[in-house]
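Accompanying notes for the structure given below.
The values are calculated or read from the model by the stated rules, or taken from the named source; none is laboratory data. Owing to the predicted nature of the structure, the values given are computational and were not obtained by experimental measurement. Don't worry about glycine lacking a Cβ; one is built from the backbone with ideal geometry, like all the others, and counts go over all protein chains shown.
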Amino acid sequence: MKTTFIVALSLLILQVNAQKNHFNDAEVAFNNEHYYSALEGYKKAESISKKGSEKGLLNYKIGQCYAYLLDYAQAEVYLKRADKLKYDDTHPELHKEIGLNYLKQGAYKDAKASFEIYLKHFPTDQKIKQSLQSCETALSYIATPTRHEIYATLQLNTNSYEFSPHFADKKSNTLLFSSNRPGSYGDGIDLRTGENFSDIWYATIDNKGKWGEPQTLPTTINTAHNEATPCLNAKKDALYFTRCNVEKKKNIGCDIYYAKKQGTNWKQAEKITLKPEGADSVSVGHPAVSKLEKFMIFAGDLPNGFGGKDLWITYFNKKEKTWGTPINLGNGINTAGDEVFPYLKNDTTLYFSSNGRVGLGGLDLYSSHLSRDKKCSKIENLRFPINSAQDDFGIVYETQTSGYLSSNRNSNKKLDNLYQFKLPEIKVELIVMVFDKKTNQPIKDALLTITNSDNDILERRTDIDGKIHFKSKEDKMQFFTTEKNYQMKIQADSYFEAKGALSTIDVGRSKKYIEEFYLYQPIAYDLPEVRYDYADSALQIIAGEVNSKDSLNNLYDLLIANPSWIVELQAHTDCRGSETYNKILSQGRANKCVEHLISKGISIDRLVPVGYGETAPRKGLECETIEKMNTEAEREAAHQRNRRTQFRLLSSDYKSK
């Protein structure tokens with residue numbers, strides 16, 4: 001029995017020691033960013049762990065590894081296990097990790113809830129306060145997306161990593177990019193990712209827009225280690241890139257290398273010394289070189305930075321043919337997080353990715369204006385859909401509004417892939433339709449004179465349907481376009497002209513404008529809701545039934561829209577009373593209409609009041625006809641219809657004094 005106890009005790013000691021060894025090895029790997037290796041160690045330790053507190057810690061660490069490996073679904077599983085094991089009782093920072101994992105999955109409401117729990121314990125954590133703000137900002141960005149279209153570059157993407165594109169020729173027909181796909185020289189396992197090492201590849205597009213089979217750059221560039229993030233000068237004869245050499249049990253970081261083109265091949269790449277002496281474990285990479293190679297911006301965790309990886313600048317000394325001591329770009333652009341993957345557009349706009357700013361989650365792409373003295377300003381998030389909840393980085397422009405970028409969105413394994421983006425052209429169309437106001441029938445051959453803000457004038461006539469159609473693509477003159485103001489005038493035989501205006505300035509999306517014009521002939525038009533009580537000249541107002549002043553506002557709107565009109569206000573009475581009395585009464589009614597329009601700002605010179613008395617009853621409502629109606633109510637309703645106001649256009653050549 002004693003022997004059995006000793007054996008059991010020995011096995012327990014061995015198990016505890018094995019667990020400690022697995023955990024310790026995993027911790028070393030984790031601290032060296034070998035997350036794939038660390039994951040295996042933590043899992044082995046967790047499989048033989050018996051204590052709930054230990055299991056909580058190990059599930060937490062496993063969840064962290066999966067998060068760093070961009071497998072957010074698996075990270076969520078293990079972080080939630082740690083929560084069930086009550087790891088947060090002693091380590092409330094668990095809720096921060098859960099929140100960050102939700103954030104990177106675009107589950108902004110869940111992320112917000114987790115951050116709020118965490119901040120109850122750590123209310124001064126500014127980074128998580130910023131992440132909480134990102135949840136609100138992301139929802140706002142998604143609700144108001146930019147016009148960009150973005151889609152995966154399927155011909156170049158595989159089930160491996162593809163990232164950091166850069167054009168290798170001036171015509172943008174050959175694309176360099178980083179990938180660890182099969183066929184790479186680095187076929188070993190990168191302990192950081194658990195994937196093969198990456199190489200720099202290239203592919204060429206044909207005239208039909210089809211990409212050829214990607215090829216690796218030669219061994220003067222690619223090695224058995226990681227090569228990535230290519231960048232070329234304006235002449236496309238100097239290649240800069242990142243190489244991360246690997247040595248067993250050493251963390252020697254990454255460096256920037258340079259190679260010159262010789263014919264169609266590349267010379268042996270040489271390391272550019274940017275690290276201070278003795279800082280072997282520091283990493284520098286992601287070069288962005290100016291067109292004439294006068295300066296280079298890169299990412300690195302050099303000493304005296306602002307935290308994480310910062311953006312730095314170095315200037316080339318032509319005399320000594322060396323790159324100068326790196327200078328930090330400052331806290332205007334660098335944060336406590338990571339600023340990485342810089343890209344220079346025309347040497348004046350700097351694009352980069354950061355996880356240290358308010359954004360949509362993970363790495364977001366930003367732009368910044370670069371001044372002559374290389375100061376960064378006007379930093380702007382590129383918003384959704386260029387940015388997503390995951391990592392978005394490594395952008396390159398093909399034209400001013402289109403290009404490629406890297407992202408791990410829409411991938412089950414969260415692998416980095418290449419995406420194309422473009423800002424679609426805004427198309428505007430104009431349809432002008434012209435109708436007769438009284439009959440609503442289209443008017444053929446009406447003349448449209450349209451003038452734009454550049455004082456260009458174009459004349460078009462309506463077709464049989466009373467229509468004129470401007471399409472920006474089909475119109476060879478390209479007359480109706482964006483960013484212009486337009487004045488329109490419509491003329492037709494036996495009609496008064498009409499005018500209108502519209503603007504396409506700051507139109508955000510493709511849009512079809514439809515402008516309808518209703519032309520008046522010089523005849524009388526009814527204002528049927530302008531009424532009067534019997535033997536009264538006041539404008540009739542009956543609550544819930546009629547408001548004659550509001551009805552006159554329709555004429556007011558027409559006069560405002562047509563400032564050259566002069567109109568006659570015609571007022572009528574019914575046939576009761578003497579002819580003389582009715583003439584005076586109707587003139588009073590016409591005067592009341594004019595008074596109202598003058599009170600609203602219409603010039604008296606444009607208004608001619610005329611009382612017609614009882615001389616012009618409506619057709620079919622003459623006195624003889626009304627007298628034959630059966631009931632008093634019918635007769636009164638008929639008299640009410642005759643107590644009316646009309647207007648008639650006298651001319652359309654009024655000019656304000």
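Can you confirm whether segment 208-217 contains a residue that is buried (at least 17 other Cβ atoms within 10 Å of the Cβ) and small (Gly, Ala, Ser)?
no
Of everything in segment 380-399, what is under 21 Å from Lys414 (Cβ atoms) and either in a loop (DSSP other than H, G, I, E, B) or in contact (Cβ under 8 Å) with a residue 60 or more places away in the chain (or both)? Give them in sequence order.
Listed by number, the residues that qualify are Leu382, Phe384, Pro385, Ile386, Asn387, Ser388, Ala389, Gln390, Asp391, Phe393, Gly394.
Count, please, the residues in segment 453-462 that happen to be surrounded by 13 or more Cβ atoms within 10 Å (Cβ to Cβ), more than 33 Å from the chain's Cα centre (by Cα) and not in a strand (DSSP E or B).
Number satisfying all stated conditions: 1.
Is segment 152-166 home to any residue that is surrounded by 19 or more Cβ atoms within 10 Å (Cβ to Cβ) and more than 28 Å from the chain's Cα centre (by Cα)?
no
Somewhere in segment 227-242, is a residue at pLDDT below 95 and either under 25 Å from Leu154 (Cα atoms) or crowded, with 16+ Cβ neighbours inside 10 Å (or both)?
no
Specify the residue that is nearest to the chain's Cα centre (by Cα); the eligible residues are those in segment 167-183 that are within 25 Å of Glu40 (Cα to Cα) and buried (at least 18 other Cβ atoms within 10 Å of the Cβ).
For segment 167-183, the residue satisfying everything is Ser179.
Please enumerate the residues belonging to segment 265-296 that are under 21 Å from Asp310 (Cβ atoms), surrounded by 14 or more Cβ atoms within 10 Å (Cβ to Cβ) and either outside the structural domain of Cys231 (by TED's automatic domain parsing) or not small (Gly, Ala, Ser) (or both).
Passing the criteria: Ile272, Leu274, Lys275, Val282, Val284, His286, Pro287, Val289, Phe295, Met296.
Please tell me if Ser377 is in a strand (DSSP E or B), surrounded by fewer than 19 Cβ atoms within 10 Å (Cβ to Cβ) and modelled with pLDDT under 95.
So Ser377 fits the description; yes.
Do we have Leu415 as within 30 Å of Val340 (Cβ to Cβ), of a type in the set (A, V, I, L, M, F, W, C) and within 33 Å of the chain's Cα centre (by Cα) here?
In short, yes.
Just need a number here: residues in segment 416-449 that are in a loop (DSSP other than H, G, I, E, B), out of contact with any Lys or Arg (no Cβ under 9 Å at 6 or more places or on another chain) and within 30 Å of Asn233 (Cβ to Cβ).
The total comes to 1.
Within segment 184-194, can you find the residues that are touching a residue at least 60 places away in the same chain (Cβ under 8 Å) and either outside any strand (DSSP E or B) or buried (at least 20 other Cβ atoms within 10 Å of the Cβ) (or both)?
Asp190, Leu191, Arg192, Thr193, Gly194
For the list (1) in a loop (DSSP other than H, G, I, E, B); (2) out of contact with any helix residue (DSSP H, G or I) (no Cβ under 8 Å at 6 or more places or on another chain); (3) more than 26 Å from Ile431 (Cβ to Cβ), I need the number of the one condition that Asp550 fails.
(1) is the only condition that Asp550 fails.
Which of the strands (runs of 3 or more DSSP E) found entirely inside segment 304-357 contain at least 3 residues meeting this: out of contact with any Ser or Thr (no Cβ under 9 Å at 6 or more places or on another chain) and within 23 Å of Lys291 (Cβ to Cβ)?
310-317
Quick one: which helices (runs of 4 or more DSSP H) lie wholly within segment 57-133 and hold at least 1 residues that are closer than 26 Å to His34 by Cα and under 28 Å from the mean Cα position of the chain (by Cα)?
Once the helices (runs of 4 or more DSSP H) in segment 57-133 are filtered for at least 1 residues that are closer than 26 Å to His34 by Cα and under 28 Å from the mean Cα position of the chain (by Cα), what remains is 72-84, 94-104.
Would you be able to tell me the number of residues in segment 206-257 that are in a strand (DSSP E or B) and either within 14 Å of Lys271 (Cα to Cα) or touching a Phe, Trp or Tyr at 6+ places or on another chain (Cβ under 8 Å) (or both)?
19
Just to be sure before I move on: is Lys260 farther than 25 Å from Gly188 by Cα, modelled with pLDDT of 95 or more and not in a loop (DSSP other than H, G, I, E, B) in the structure I sent?
yes
Would you pick out the residues in segment 591-614 that are free of Cβ contacts under 8 Å to residues at least 24 places away in the same chain and either part of a loop (DSSP other than H, G, I, E, B) or not charged (D, E, K, R) (or both)?
Listed by number, the residues that qualify are Ile598, Ser599, Gly601, Ile604.
Taking segment 399-428, which residues are surrounded by fewer than 16 Cβ atoms within 10 Å (Cβ to Cβ) and farther than 26 Å from Leu69 by Cβ?
Those that are surrounded by fewer than 16 Cβ atoms within 10 Å (Cβ to Cβ) and farther than 26 Å from Leu69 by Cβ: Thr399, Gln400, Thr401, Ser402, Lys422, Leu423, Pro424, Glu425, Lys427.
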